[in-house]
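Comments concern the structure below.
Taken together, the values in this text are just the output of simple stated rules run on the coordinates, not laboratory data. A quick note: this is a predicted structure, and the numbers were derived from the prediction, not measured. Glycine gets a Cβ as well: all are built from the backbone with ideal geometry, and neighbour counts include every protein chain shown.
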Amino acid sequence: SSYGPSTDVQEFHDVLKSSKRILALCGAGLSAASGLGTFRGAGGMWRNHKATTLATPEAFERDPGLVWLFYSYRRHMALKAKPNAGHYALVEMSKKMGSFITMTQNVDGLSQRAEHPREQLKLLHGSLFDIKCFNCDYIQLNNFEDPFHPLLAISSDEDARLAPSANNVQATAAYLDPNVGTSTVNPDDLPHCPSCKTGLLRPGVVWFGESLPEDTLAEIDQFILEDKMDLMLVIGTTATVYPAASYVNQAKRRGARVAVVNMDGLDGELGAASNLRRGDFLFQGDAAKILPEILK
Ligand code: BJW
Ligand code: ZN
């Protein structure tokens, strides 16, 4: 409305108390307080690359070593990070309410490590810790090896200026040089599929142009169609990536109230094009601080 979203916690609590079915959509901002970067805005860069330009099958085909170094770094950072109070607030909410599901676009495994009830957690974009084959249907779940392969070793945190790694001088050199646009890792030396033998292994995340997991989408549709949704929480996401973003509009169309929790407000970087514009509530700030307050 022209009056803008409500920022009134008491009013939100009243809506929350009367809500029987709630859907949450989470994004990178939920894990920001855990020290993990977002994709857009500040924190969306890695070694002079926009994070989103590396998240494509084309980038992997062009330079699998570069894309693997990026994901090796992401795996390392995610394993070092801890779930924050925002993840735990969603876990509490799920346990308290049967008809509550968390859809997350995050691949960092932090909701799982916060022991989010699994049947109420829908992973839209896969996981950094699933390993798939670029060629065939091979998949290995819950691979937490760090590094995933010696060639992808990260000796310490990139932002703490990596010390050269003894077992991989080549990758470390490329890693340290911010001007290096390509990797020097030979694709032949990267790990290959144990099943088809020819395909390169890749992280089990959903890249641009790839389909989201069908069974997961079907479970979400079932939840949405089953009965009226009262409230949707949109947490730490710009809601610019589809089909995840479409759930916000779907919730509005179905008469649910939409509450947004993020740093940038409803306009975000996309201004008038933002899917968040129709939010009924806005709580601007750190999800790790806000979620425990508004969900209690
Ligand atoms: C805080 C905070 C704090 C900061 N507290 N908040 C319809 C229309 C137009 C395009 C398309 C369409 N349908 C499909 C497309 C194409 C494409 C797409 O959406 N493009 C758009 C960019 C226009 N979609 C796809 O390709 C999808 N596949 C698909 O549709 O398949 C069918 C198909 C196939 C072929 C052709 C056509 C259709 C797949 C999308 C996969 C996206 N994958 C990535 C990478 C995953 C792996 C990895 O992690 O590397 O997913 S991209 C990246 O963006 C990642 C994220 O999950 C996703 C969303 O980002 P998110 O989470 O919103 O982060 P940010 O950075 O954008 O926002 C951070 C927010 O946090 C901000 O709001 C801050 O304010 C806030 N924040 N600190 C609270 N402390
Ligand atoms: Zn294979």
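General remarks:
- Within-13-Å neighbourhood charge of ASP8 [Cβ basis; K, R +1; D, E -1]: -3
- Computed from backbone phi with θ = phi - 60° and the Karplus coefficients 6.51, -1.76 and 1.60, the 3J(HN,Hα) list for region 209-216 is x, 9, 7, 6, x, 4, 5, 5 Hz; x is used for glycine and proline.
- Summing charges over all other residues whose Cβ lies under 12 Å from the Cβ of LYS17, with Lys and Arg as +1 and Asp and Glu as -1, gives 0.
- Cα long-axis angle, helix 85-96 against the chain (0 to 90 degrees, to the nearest 10): 60
- Order of HIS149, HIS125 - criterion: other Cβ atoms within 10 Å of each residue's Cβ, fewest first: HIS149, HIS125
- As a length-normalised measure over Cα pairs under 8 Å and 6 or more apart, the relative contact order of the chain settles at 25 percent.
- A viscosity of 1.306 mPa s and a temperature of 10 °C, combined with the Kirkwood radius over Cα pairs in Stokes-Einstein, give a translational diffusion coefficient for the chain of 79 µm²/s.
- Between the Cα long axis of helix 64-80 and the first principal axis of the chain there is an angle of about 60°, rounded to the nearest 10.
- Computed E for ASP14/LYS80 - FRET, C-beta separation, R0 51 angstrom, nearest 0.05: 0.80
- Between the beta carbons of GLU210 and LYS96, assuming R0 = 25 Å, the FRET efficiency works out to 0.15 to the nearest 0.05.
- Among the cysteines of the chain, those with no neighbouring cysteine Cβ under 4.7 Å are CYS26.
- Annotation: amide H-H contacts under 5 Å for HIS192 (H modelled 1.01 Å from N, sequence separation of 5 or more, or interchain): LEU201.
- Cα→Cβ-extended label distance, 7 Å offset, between ASP137 and LYS197, nm: 2.1
- Where labels lie 7 Å past Cα in the beta-carbon direction, separation of LEU225 and LYS289 in nm: 4.3
- Contact order normalised by residue count of region 20-154, Cα under 8 Å, 6+ apart, percent: 26
- Extension gain for the segment MET263 to ARG113, taken as residue separation times 0.36 nm less the Cα-Cα distance, is 51.6 nm to one decimal.
- Residue-count net charge about ALA33 - beta-carbon cut-off 12 Å; Lys, Arg +1, Asp, Glu -1: +1
- Total lysine pairs under 25 Å (Cα atoms) in region 1-130, excluding pairs fewer than 8 apart on one chain: 14
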